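Written below as structure tokens is the structure these notes are about.
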Amino acid sequence: MNQEPEGLYVESHIDPETLKPVIKITYIGKQLFITATDATRKAIAIINAAAYAESEGALFKALAPDVPKGFGKPSKDVQMAIMALRLVREKRQPLPADVNAIFGFNTQQPLVEIDYQQFKTTLYLDDARNHAAVLLQASEAARFDAFWFKFGKELSMNESEIQGVINEYRVYKERYSIEDLFNL
């Protein structure tokens, strides 16, 4: 299980009936399950949204550097910056409807909005990128576990034997990764 900012939790699972890899996402007491493939797609969209938000925020700040926080009557610089952002957004690769790159006028920071249907969250760029990385890690872990459970069932192994193989592999992989670090 991985904990992320704002109480966002991501866990890899296997559907016990189908042995398909799924990801459990929990936020403020609400939870949902998505497929590992959907989690990977969401992670890619979040990474793209973070890049868009960062570049659009930099463009806005370059074109309108002295914008006071909050709302009010926009100056000519702000109007020009908003028009430039609209042009950039029209030309970029579109994001899925459930992920959005925004610029917070109150915070003066680029942000990523994520809609998981049961809940929505807005993350700063570092948190969004971290969330995308955790989604990718959980997707791969769920796929790996699902593969081993299916393969173990083919070999007539019971669930505890399969889980033992998975656990041994994880220990070996961690040890190998640490050893590899020292062989630089």
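The values are calculated or read from the model by the stated rules, or taken from the named source; none is laboratory data. Only a predicted model underlies this, so the values are computations on that prediction, with no experimental measurement involved. Positions of Cβ are generated from backbone atoms using ideal geometry, with glycine treated the same way; all protein chains shown enter the neighbour counts. Heads up: the accessible areas ignore ligands, DNA and RNA and are worked out on the full protein's heavy atoms, side chains in. Shrake-Rupley method; radii C 1.70, N 1.55, O 1.52, S 1.80 Å.
The residues of the stretch 162-176 that are farther than 22 Å from Glu11 by Cα and of a type outside the set (Lys, Arg) amount to a single one, Tyr176.
Return the residue satisfying two criteria in turn: it lies in the stretch 116-150 and is outside any helix (DSSP H, G or I) and farther than 16 Å from Ala49 by Cα, and of such residues it is most open to solvent (accessible area, probe 1.4 Å). Selected residue: Gln117. Determine, yes or no, whether Glu113 is in a strand (DSSP E or B) and open to solvent by 50 Å² or more (accessible area, probe 1.4 Å). Taking the combined requirement at face value, the residue satisfies it. Just to be sure before I move on: is Ile102 aliphatic (A, V, I, L, M) and either touching a His at 6+ places or on another chain (Cβ under 7 Å) or free of Cβ contacts under 8 Å to residues at least 24 places away in the same chain (or both) in the structure I sent? Criteria not met by Ile102. Within the stretch 1-28, residues that are modelled with pLDDT under 95 have Cβ atoms under 6 Å from residues that are part of a loop (DSSP other than H, G, I, E, B) and open to solvent by less than 30 Å² (accessible area, probe 1.4 Å) in these pairs: Tyr27/Phe119, counting only partners at least 6 apart in sequence or on another chain. Among the residues of the stretch 91-110, those that are farther than 19 Å from Ala43 by Cβ and open to solvent by 50 Å² or more (accessible area, probe 1.4 Å) comprise Lys91, Phe105, Asn106, Thr107, Gln109. Filtered by the rule that a residue be free of Cβ contacts under 8 Å to residues at least 60 places away in the same chain and buried (at least 20 other Cβ atoms within 10 Å of the Cβ), the stretch 46-68 gives Tyr52, Glu56, Gly57, Phe60.
Reported count of residues in the stretch 153-168, each being assigned to a helix (DSSP H, G or I) and either of a type in the set (A, V, I, L, M) or free of Cβ contacts under 8 Å to residues at least 12 places away in the same chain (or both), is 11.
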